[in-house]
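The values are calculated or read from the model by the stated rules, or taken from the named source; none is laboratory data. Owing to the predicted nature of the structure, the values given are computational and were not obtained by experimental measurement. All Cβ positions, glycine included, derive from the backbone under ideal geometry; neighbour counts span all protein chains shown. We work out accessible area using only protein heavy atoms, side chains counted, and drop any ligands, DNA or RNA first. Shrake-Rupley method; radii C 1.70, N 1.55, O 1.52, S 1.80 Å.
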Amino acid sequence: MNEPVALALPGVPLLGQGSVRHLRQRPHAHQFAYGTYFVWLPMRQLRAHGPGELARNRWAALSFYDADHGEGGPDALAWLEAQLAAHHITDADGEIWLHTFPRVLGYAFKPVSFWFCLRADGRLRAVLAEVHSTFGQRHSYLLEPATWGQTLRADKALHVSPFCQVAGHYRFCFGLTGGERPRMVARIDYHDDSRADQPGDSPLLITSISGQLSPLTAALARRVLWRYPLMTWGVMARIHWQALRLWLKRTPWFARPAGPI
């Protein structure tokens, strides 16, 4: 994959339209796929030139609030840059793209957001995966050094689902293609390490989100809102619906331990 592909992206807020897919392989097969959309935001461009077509830190049918990220402060980018500094990453001096769900009609639940931190020449330097659970807890996984298409590993540290233990590790992989119709994909495989002694161990969960990226305009926002009028409300509803389905299949249940905030 062409590593400087991010240079082909316009320095304006983008909206991705695609799908979320999830597969659980044991002890009972369980899978689903939903259409979705998300925003891809050039955070340093927004700092320098303003939000453009993006409704930022104000109510709108589709909007973005800095307080939904990091420690809930007024400047999410400043929080991200502090994370990089704390890990002595000084060469992520290019654009920082934030992949996240927007607020829709004032509401958002963001199971995972990705901060793609680029070097000045457009090459990917690091990715921060910011995870929020339905229990109100959060944890961030800093993945570095990173390149597009590379498998990146992080030990699991947050209780996300009552149907999985806080054990094992994640394997992340991110892809981005350029051109007139740029497209991104993020894949997360969760290995619970319960079969670490068996050759050819497969992940317990395989999850991905992908979509085609287009400049965010008022007309595009209206179209996706018309197609998915309660998208972020639906994220929370579907999480609970899928949990009910797993419970009905008698999938083992694990109590929530104390976790990082």
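In summary, Gln137 fulfils each of the numbered conditions (1) open to solvent by 20 Å² or more (accessible area, probe 1.4 Å); (2) in contact (Cβ under 8 Å) with a residue 60 or more places away in the chain with the single exception of condition (1).
The set of residues in the range 141-165 being open to solvent by 60 Å² or more (accessible area, probe 1.4 Å) and closer than 23 Å to Gln242 by Cα consists of Gln165 alone. For the range 81-134, the candidate set comprises residues that are at pLDDT below 95 and among the hydroxyl-bearing types (Ser, Thr, Tyr); within that set, the residue that is most open to solvent (accessible area, probe 1.4 Å) is Thr134. Residues in the range 26-53 that are in a loop (DSSP other than H, G, I, E, B) and crowded, with 20+ Cβ neighbours inside 10 Å: there are none.
Give the residues of the range 212-261 that are open to solvent by 80 Å² or more (accessible area, probe 1.4 Å) and small (Gly, Ala, Ser), sorted by residue number. Matches in the range 212-261: Ala255, Ala258. If you check Gly70 against the conditions, is it over 14 Å from the mean Cα position of the chain (by Cα) and either part of a loop (DSSP other than H, G, I, E, B) or surrounded by fewer than 19 Cβ atoms within 10 Å (Cβ to Cβ) (or both)? Taking the combined requirement at face value, the residue does not satisfy it. Does any residue of the range 136-150 turn out to be more than 25 Å from Ala85 (Cβ to Cβ) and part of a loop (DSSP other than H, G, I, E, B)? Yes, the range 136-150 contains at least one residue that is more than 25 Å from Ala85 (Cβ to Cβ) and part of a loop (DSSP other than H, G, I, E, B).
Only a single item in (1) farther than 24 Å from His87 by Cβ; (2) of a type outside the set (A, V, I, L, M); (3) out of contact with any strand residue (DSSP E or B) (no Cβ under 8 Å at 6 or more places or on another chain); (4) surrounded by 17 or more Cβ atoms within 10 Å (Cβ to Cβ) is not met by Thr207, and it is number (3).
Here Arg187 fulfils each of the conditions (1) within 18 Å of the chain's Cα centre (by Cα); (2) at pLDDT below 95 apart from (2).
Applying a threshold of 9 Å to beta carbon distances and a minimum spacing of six or more residues, or different chains, the list of pairs starting in the range 46-68 at a residue that is at negative phi and ending at one that is among the acidic types (Asp, Glu) reads Arg47/Asp75; Arg56/Asp66; Asp66/Asp75.
In the condition set (1) in contact with a helix residue (DSSP H, G or I) (Cβ under 6 Å, 6 or more places away or on another chain); (2) open to solvent by 80 Å² or more (accessible area, probe 1.4 Å), Gly178 is compliant with all but (2).
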